[in-house]
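S.K.: Could you have a look at this structure, given as structure tokens, before my questions?
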Amino acid sequence: MSASTRNPTTAVAAGIDLGGTKIESTLFDSDFLPLTSRRQPTPGNSYSTLLKALETEVQWLRHEATQKDLPIGIGIPGLVDPQTGISVSANLTANGQTLAQDLMARAGGTIVSANDCKCFALSEACGGAGENHSRVFGLILGTGLGGGLCQDGQLVLGYNGLPGEVGHYGLPAHIVIEHDLPLLKCGCGRIGCTETLISGTGIAQLSLALTGNERSAVDIASAPDEPDNSKVLEVWSKLAAEMLHTIQLHIDPDCIVLGGGLSNIVELETRLTNALNEVALPSVRRPEILKPAFGDSSGGRGAALLSLGTEERTDHEPRK
Ligand SMILES: [Zn+2]
């Protein structure tokens, strides 16, 4: 049944996927399938206009669901401090603000916020591609590069919400030297983070360094066998494999679910599985590398799951 023909009053929670250019608001039923959804542009001029726009979305969701206290989660493109709720490193006017608390002060009810990569990981761990795995790492290969970790269907947030911030690992020195790759400044202020060459925007810089042409991730993904694109993807896969190896060494997930625009590269999961096999420690079990079940809609779905808290997620009990 399509979202438009299903009854929004059966909603149990809602998710708002807050992006740099659009806000997508979705109601979910008890199986965490979407009931209805809408998109609005993200206002960029001030925090107060952003809050106002989000309050309008909260009111629309609660009106559609006919529930004044409908729990709502917001996925944001930045870290959220798990102790204070302050957004940090967000490429939004919400940076440095307590977005969920400020919205609750205006609209009441339960509103939570989390990093969108963490929401993706939670969504794929609970009813998604990672459903039958206990330690699920969700890896977003999008405009930026980030991820999130779930253990038995629960997000692992750590002291600062950092688990999954793989975009700020250092690039592997031997590959940088072998291919004379540039060490670029990252948005975090450091030099040579993986994000600068492995993310969707980073792969264009990698293409420039290797071929002299700055091809976009979309160009490369749409023609992966074209000779220059193939060359870029070969080095990109080596860099990504080193990152996956580091993820395995310190997080040791039993599955990695890929998301973001680059995950649309044909058979990327096979490419990365083979690349990881080349560099992983011998004799260790390798994580299964999977396509996402929900893809772009996982941000809002994960945020909605988060808004219910774990104790109420009876349909998604931790797997044994
Ligand atoms: Zn960085």
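No value in this document is a laboratory result; all are computed from the given coordinates. Note that the structure is predicted; figures quoted are calculated from it, not measured. Neighbour counts run over all protein chains shown; Cβ positions are idealised from the backbone, glycine included.
S.K.: If exposed GluC sites (Glu not before Pro) are those in a DSSP loop with at most 16 other Cβ within 10 Å, what is the longest stretch of the chain that has none? Walk me through the numbers before you get to the answer.
M.R.: Numbers: sites that count: Glu131, Glu214, Glu267.
My reading of the result: 1-130 is the longest stretch.
S.K.: Can you pull out the trypsin sites (Lys or Arg not before Pro) in the stretch 228-308 that DSSP calls coil and that have at most 13 other Cβ atoms within 10 Å?
M.R.: Working: sites: Lys231, Lys238, Arg271, Arg285, Arg301; in loops: Arg285.
Passing sites in the stretch 228-308 are Arg285.
S.K.: Based on the alpha carbons, how large is the Rg to Rh ratio for the stretch 84-139 when Rh follows Kirkwood? Working shown, then result.
M.R.: Details: Rg = 14.1 Å, Rh = 12.9 Å.
Looking at the stretch 84-139, the ratio lands at 1.10.
S.K.: Which entries of Lys52/Lys185; Lys231/Lys291; Lys52/Lys291 show an alpha-carbon separation above 30 angstrom in the structure shown? Intermediate results must be reported in sequence, preceding the final value.
M.R.: On the way: Lys52/Lys185 34 Å; Lys231/Lys291 23 Å; Lys52/Lys291 36 Å.
Over 30 Å apart, Cα to Cα: Lys52/Lys185; Lys52/Lys291.
S.K.: Amide H neighbours of Asp29 under 5 Å, counting only residues 5+ apart in sequence or on other chains, H built in-plane at 1.01 Å?
M.R.: Here Val12, Leu35 satisfy the definition.
S.K.: Right, another one. Can you run phi through the Karplus equation (6.51, -1.76, 1.60; θ = phi - 60°) for the stretch 214-223 and list ³J(HN,Hα) in whole Hz, with x for Gly and Pro?
M.R.: 8, 8, 6, 4, 5, 4, 5, 5, 7, 9
S.K.: Okay, moving on. Subtracting the Cα-Cα distance from 0.36 nm times the residue separation, let me have the gained length for Arg190 to Ala53 in nm, one decimal. Walk me through the intermediate numbers first.
M.R.: Numbers: separation 137, 0.36 × 137 = 49.32 nm, distance 3.33 nm.
The span from Arg190 to Ala53 would gain 46.0 nm if fully extended.
S.K.: I would also like to ask the following. Taking amide H positions as placed 1.01 Å from N in the peptide plane, with prolines and chain starts having none, which residues 5 or more places from Val112, or on another chain, fall under 5 Å of its amide H?
M.R.: For Val112, the qualifying residues are Ile72, Gly73, Ile74.
S.K.: Then there's this: What whole-number value in cubic angstrom gives the convex hull volume per residue for the C-alpha atoms of the chain? Provide the component values of the computation, followed by the final result.
M.R.: Details: hull volume 42.8 nm³, N = 320.
Per residue, the Cα convex hull of the chain comes to 134 Å³.
S.K.: I would also like to ask the following. Working from the pairwise distances between different alpha carbons, so that the mean of 1/r is found and then inverted, what is the stretch 132-292's Kirkwood radius in Å?
M.R.: Details: mean 1/r = 0.0633 Å⁻¹.
The answer is 15.8 Å.
S.K.: While we're looking at this one, here's another question. Placing +1 at every Lys and Arg Cβ and -1 at every Asp and Glu Cβ, with all other atoms neutral, what dipole size does the chain have around its Cα centre, in debye to the nearest 20? Don't jump to the answer; show the numbers that get you there.
M.R.: Working: 23 positive and 36 negative charges, 110 e Å.
My answer is approximately 520 debye.
S.K.: What does the stretch 1-134 give for Rg and for Dmax, in Å, if only its C-alpha atoms count?
M.R.: Here Rg and the maximum Cα pair distance are 14.5, 43 Å.
S.K.: To continue, here is another question. From the P(r) of the stretch 224-264, could you give the percentage of C-alpha pairs in the tail past 13 Å?
M.R.: Values: 527 of 820 pairs.
Value for the stretch 224-264: 64 percent of Cα pairs lie more than 13 Å apart.
S.K.: Determine the calculated [θ] at 222 nm for the chain from helices alone, applying -39500 (n - 2.57) to every DSSP H run no shorter than 4 residues and normalising by the residue count; nearest 500 deg cm²/dmol.
M.R.: Working: 10 runs with 111 residues, N = 320.
Roughly -10500 deg cm²/dmol at 222 nm, from the helical runs in the chain.
S.K.: Hey, rough spin-label estimate for Thr21 and His179, points 7 angstrom out along Cα→Cβ, what's it come to in nanometres?
M.R.: For the pair Thr21/His179, the computed spacing is 2.7 nm.
S.K.: If you don't mind, another one. Set the Förster radius R0 to 35 Å, insert the Cβ-Cβ distance between Leu249 and Asn45 as r into 1/(1 + (r/R0)^6), and round the FRET efficiency to 0.05. Spell out each step's value before the answer.
M.R.: Values: r = 44 Å, r/R0 = 1.25.
After rounding, the FRET efficiency stands at 0.20.
S.K.: If you average the sequence gap of Cα pairs under 8 Å that are 6 or more apart and divide by the length of the chain, what percent do you get for the contact order? Let's see the in-between values first.
M.R.: Values: 683 pairs, mean separation 65.9, N = 320.
Answer for the chain is 21 percent.
S.K.: Step through the residues of the stretch 282-296 one at a time and calculate ³J(HN,Hα) from phi using the Karplus curve (6.51 cos²θ - 1.76 cosθ + 1.60, θ = phi - 60°), rounding each to whole Hz and writing x for Gly and Pro.
M.R.: In residue order, the calculated couplings are x, 6, 9, 5, 9, x, 6, 9, 10, 6, x, 7, 10, x, 4 Hz.
S.K.: Taking θ = phi - 60°, what integer Hz values does the Karplus form 6.51 cos²θ - 1.76 cosθ + 1.60 yield along the stretch 167-174, in sequence order, with x for Gly and Pro?
M.R.: Those phi angles translate into x, 10, 5, x, 5, x, 4, 5 Hz.
S.K.: Given H placed 1.01 Å from N in the peptide plane, which residues other than close sequence neighbours of Arg135 have an amide H under 5 Å from its amide H?
M.R.: Excluding prolines and chain starts, which carry no amide H, the hits are Asp152, Asp254, Cys255.
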